[in-house]
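*Asks:* Okay, here's the structure, questions in a sec.
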Amino acid sequence: MLRLCVPRHVLQAVPKSISNGQFSINILKYRGKGSLATIFIRGPVTRLNSTWSKKDELKPTFSKEQLALAKEQRLKGLGPLVSKLPKKWIPYAELMRLEKPVGTWLLYLPCSWAIIMGAMETSATLGQTTWMLGLFGVGALIMRGAGCTINDIFDRKLDDKVIRSVERPIASKRVSVRNASLFLGAQTAVGMGILAQLPANCWWLGLASLPIVFTYPLFKRFTYYPQAALSACFNWGALLGFPAMGIMDWSTMIPLYVGSYLWCMIYDTIYAHQDKKFDIKAGIKSTALAWGKNTKTVCNVLATSQFAMYALAGINSGLIMGPGFIGGLSIFAYRVFTMIRKVDLDNPDDCWKEFTGNIKTGLYFSYALFFDYLLQLMGFL
């Protein structure tokens, strides 16, 4: 009998028997307290494939049927726009995740809140506000694409170990690392061009986010909290929107940013639960594995703090009494807490459904804030 010590959050995802085509083991029982647990494995370990090499230990093999299904799902998921692009362009559109706009929306939404709140604080014109909303929308599309390209370059040797990502352009050899790097340079140049259209106060603040953007993919290799790095850069627009409207109101900017940071931690943890079984095999770390069965409890605590931060942002900006702010924040809170309660963290399809539902959740708050802004323009607030 073999005895091993493992982290308890990893143990939660380990089945009673494991076979990867080369080795077969049976876990009899485990015991332990705190962060470590001891498991007892029946031995000797049975070797099933004499051609096994150490490299194979970390590389799961997918059947031809699994790979064919992954390709079929990728092609179906291209959508009506990306699928009609020239064939040579499609892999680069996939690098930007143009066929999956959920990330662009989630990046853009905190920008819209900051812009609208800044517009109300400065009594900005409708034209100025809509221009900034449009400019940030294009910026969100480009910079989210750049972030996905960076992620795929760094993760090219991990993506082929997870069935959901095995068809990504670099992992599937449809785009070379060199061409992806050149494409990244082009996207970054466009992003810098958009930043140059903003007031000078935005430049240093925008550039400050780039180190996190470029290093985020590395975090999943050495910490169970890559979501912390993603949340830090993904909600930068909650800071940037205010100077874009000509105001540096840190007392509002900071709580709005922290609240959005916590929201991202919640929905990206739910997203990470889709791949937890594959992540263990591939050595990829996430809060889904760190929190395990405690995920919903932790997320409820984060959500409570999230809405406390949003309320503080409303108080400090003087916008808390607007009917849109109160109503929008109430709907926001209801939808987030309902998502946490209802999501089945062991069902990848349900995790994806609840994750994408955050687009509507955030948009309702944007619409509500814009309603208050229109009331202000008309002299009712």
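The values are calculated or read from the model by the stated rules, or taken from the named source; none is laboratory data. If you're wondering where the values come from, they're calculated on a predicted model, not measured in any experiment. Positions of Cβ are generated from backbone atoms using ideal geometry, with glycine treated the same way; all protein chains shown enter the neighbour counts. Just the protein is used for accessible areas: all its heavy atoms, side chains included, with ligands, DNA and RNA removed. Shrake-Rupley method; radii C 1.70, N 1.55, O 1.52, S 1.80 Å.
*Asks:* Cβ neighbours within 10 Å, averaged per peptide: list 179-188, 252-261 in order, most packed at the top.
*Replies:* Working: 179-188: 16.4, 252-261: 23.4.
The most tightly packed comes first, giving 252-261, 179-188.
*Asks:* What accessible area per residue, rounded to a whole number of Å², is obtained for region 65-129 using a probe radius of 1.4 Å? Numbers along the way, then the final one.
*Replies:* Details: 3350 Å² over 65 residues.
Each residue of region 65-129 exposes 51 Å² on average to a 1.4 Å probe.
*Asks:* By the scheme Lys and Arg +1, Asp and Glu -1, what is the net charge of all other residues having a beta-carbon under 13 Å from that of His273? Walk me through the intermediate numbers first.
*Replies:* Details: positive: Arg164, Lys276, Lys277, Lys293, Lys296, Lys353; negative: Asp268, Asp275, Asp279, Asp344, Asp346, Asp349, Asp350, Glu354.
Summing Lys/Arg as +1 and Asp/Glu as -1 gives -2.
*Asks:* Give me the mean projected area, in nm² to one decimal, of the convex hull enclosing the Cα positions of region 137-288.
*Replies:* Result: 9.0 nm².
*Asks:* With all protein chains present, how much of the accessible area of region 139-277 (probe radius 1.4 Å) comes from carbon and sulfur, to the nearest whole percent?
*Replies:* Details: 3540 of 5150 Å².
Answer for region 139-277 is 69 percent, counting heavy atoms of protein chains only.
*Asks:* Okay, next question. Convert each backbone phi in region 163-177 into a coupling constant with the Karplus relation 6.51 cos²θ - 1.76 cosθ + 1.60 (shift: θ = phi - 60°), then list the ³J(HN,Hα) values in order as whole Hz, x for Gly and Pro.
*Replies:* Couplings: 4, 5, 10, 5, 9, 4, x, 6, 4, 8, 6, 7, 9, 7, 4 Hz.
*Asks:* Please list, in order along region 350-364, the HN-Hα scalar couplings obtained from phi with the Karplus expression 6.51 cos²θ - 1.76 cosθ + 1.60 (θ = phi - 60°), rounded to whole Hz, x for Gly and Pro.
*Replies:* 5, 4, 5, 4, 5, 4, 5, x, 5, 4, 4, 4, x, 5, 4
*Asks:* On a 23 Å Cα-Cα criterion, which of the cross-link pairs Lys157/Lys220; Lys88/Lys276; Lys277/Lys342; Lys88/Lys220 come out too long?
*Replies:* Details: Lys157/Lys220 13 Å; Lys88/Lys276 33 Å; Lys277/Lys342 21 Å; Lys88/Lys220 31 Å.
Violating the 23 Å Cα-Cα cut-off are Lys88/Lys276; Lys88/Lys220.
*Asks:* I need the phi-derived Karplus couplings for region 239-256: 6.51 cos²θ - 1.76 cosθ + 1.60, θ = phi - 60°, integer Hz, Gly and Pro marked x.
*Replies:* Working through the residues one at a time gives 8, 6, x, 5, x, 4, 9, x, 9, 10, 9, 5, 5, 9, 4, 5, x, 5 Hz.
*Asks:* Give me the percent of the accessible area of region 296-369 that comes from carbon and sulfur atoms, probe 1.4 Å, all protein chains in place. If you can, show how the numbers build up before the last one.
*Replies:* Numbers: 2230 of 3500 Å².
Of the solvent-accessible surface of region 296-369, carbon and sulfur hold 64 percent.
*Asks:* For the peptides 209-216, 362-369, what is the packing order when you average, over each peptide's residues, the other Cβ atoms within 10 Å and list the highest mean first?
*Replies:* Descending packing order for the listed peptides: 362-369, 209-216.
*Asks:* Hey, what's region 269-332 come to in accessible area per residue, 1.4 Å probe, Å²?
*Replies:* Values: 2600 Å² over 64 residues.
Averaged over the residues of region 269-332, the accessible area is 41 Å².
*Asks:* When the Cα centres of region 120-160 and region 188-242 are compared, how far apart do they sit, in Å?
*Replies:* One Cα centre to the other: 10 Å.
*Asks:* Could you tell me which of rounded, prolate or oblate describes region 215-270, using a ≥ b ≥ c as the square roots of the eigenvalues of the alpha-carbon gyration tensor, with rounded for a/c under 1.5 and, failing that, prolate when a/b is larger than b/c and oblate otherwise? Could the numbers behind the result be given before it?
*Replies:* Values: a/c = 3.29, a/b = 2.19, b/c = 1.50.
Verdict is prolate for region 215-270.
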